[in-house]
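What follows is a short report on a single structure.
The values are calculated or read from the model by the stated rules, or taken from the named source; none is laboratory data. Keep in mind it's a predicted model, so treat the numbers as computed, not measured. With ideal geometry, Cβ positions are generated from the backbone for all residues, glycine too; neighbour counts draw on all protein chains shown. Ligands, DNA and RNA are excluded from the accessible area calculation, which covers all protein heavy atoms including side chains. Shrake-Rupley method; radii C 1.70, N 1.55, O 1.52, S 1.80 Å.
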Amino acid sequence: YSLGDARRPLHETAVLVEDVVHTQLINLLQQAAEVSQLRGARVITPEDLLFLMRKDKKKLRRLLKYMFIRDYKSKIVKGIDEDELLEDKLSGSNNANKRQKIAQDFLNSIDQTGELLAMFEDDEIDEVKQERMERAERQTRIMDSAQYAEFCESRQLSFSKKASKFRDWLDCSSMEIKPNVVAMEILAYLAYETVAQLVDLALLVRQDMVTKAGDPFSHAISATFIQYHNSAESTAACGVEAHSNAIQPCHIREAIRRYSHKIGPLSPFTNAYRRNGMAFLAC
């Protein structure tokens, strides 16, 4: 809801999104465990996840910003003065940014061109985040106070608030090499980003399905979409509450198909980013 879906999302869509997110995180964990094993470690650490994300600069920059915000929040909760925190950040104090120091030390060890370390000083506007904020602002324009309170509450939800349940959901207890606490924070963040990315792409798919007056390509776009989903299951999925403005399961499936189809030699992803024919959405 807070990412752009209807106030009452479809249960079928929620189940599908959960399945996609779970599958992607399990695959990511397996790859991180392989990286951890190669370097002889006993646990999955943030370094293993950063290594897997190193090729996509935009998403890596987003993760680094998240790690700084987590450090900032930790210091605020502990009651450290804001001015002192900013001074520590500027002076590079080791105690000021535990998570960011982990990232900086690791990226420094693998960065041969300086591109990765430059991201710590990069203040470039995140266009994806900007679009999400603008979409949220448009959603709130027609809300009353009760609806706005509900919307704000939904924006505070995350996978990290119930860490033990999130760990059980990923079945970490059965893994030989388990993620540490900071790695779990990153996985929770990536889970949220995967949901956000799915909603972003599904909204674009839904927009493509709307026939636009005077656009000669509207019919062709709709026909292509219908042809791709010309099966009993897809028709039934698209028919569920078709009158609603909620994201449909067919929107999610088409979004995944389009995203995976873009993987190629000019893509920022390598073969390591594909398992079971699906590209990672959050990294």
Item to complete: Take 71, 208 and sort them by solvent-accessible surface of the protein heavy atoms, 1.4 Å probe, largest at the top.
Response: 208, 71
Fill in: Point-to-point label distance, residue 129-residue 163, nm (Cα→Cβ direction, 7 Å offset)
2.3
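How high is the FRET efficiency between residue 74 and residue 14 when r is their beta carbon distance and R₀ equals 30 Å, given to the nearest 0.05?
Details: r = 31 Å, r/R0 = 1.04.
After rounding to 0.05, the efficiency reads 0.45.
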Item to complete: Pop out the ³J(HN,Hα) list for segment 113-127 in order, Karplus 6.51 cos²θ - 1.76 cosθ + 1.60 with θ = phi - 60°, rounded to Hz; leave Gly and Pro as x.
Response: 10, x, 5, 5, 5, 5, 5, 5, 9, 7, 9, 4, 5, 7, 5
Item to complete: Calculate, for residue 176 and residue 121, the FRET efficiency according to 1/(1 + (r/R0)^6) with r their C-beta to C-beta distance and R0 22 Å; round to the nearest 0.05.
Response: 0.05
Fill in: Computed accessible area, residue 204, all protein chains, 1.4 angstrom probe, square angstrom
100
Worksheet entry | Label-point gap, in nm, between residue 259 and residue 142 - each point 7 angstrom along Cα→Cβ | 2.7
Practice prompt. Calculate one ³J(HN,Hα) per residue across segment 54-71 by plugging θ = phi - 60° into the Karplus curve 6.51 cos²θ - 1.76 cosθ + 1.60, and present them in order as whole Hz with x for glycine and proline.
Written response: 4, 7, 9, 4, 5, 6, 5, 4, 5, 5, 4, 5, 4, 5, 5, 5, 4, 5
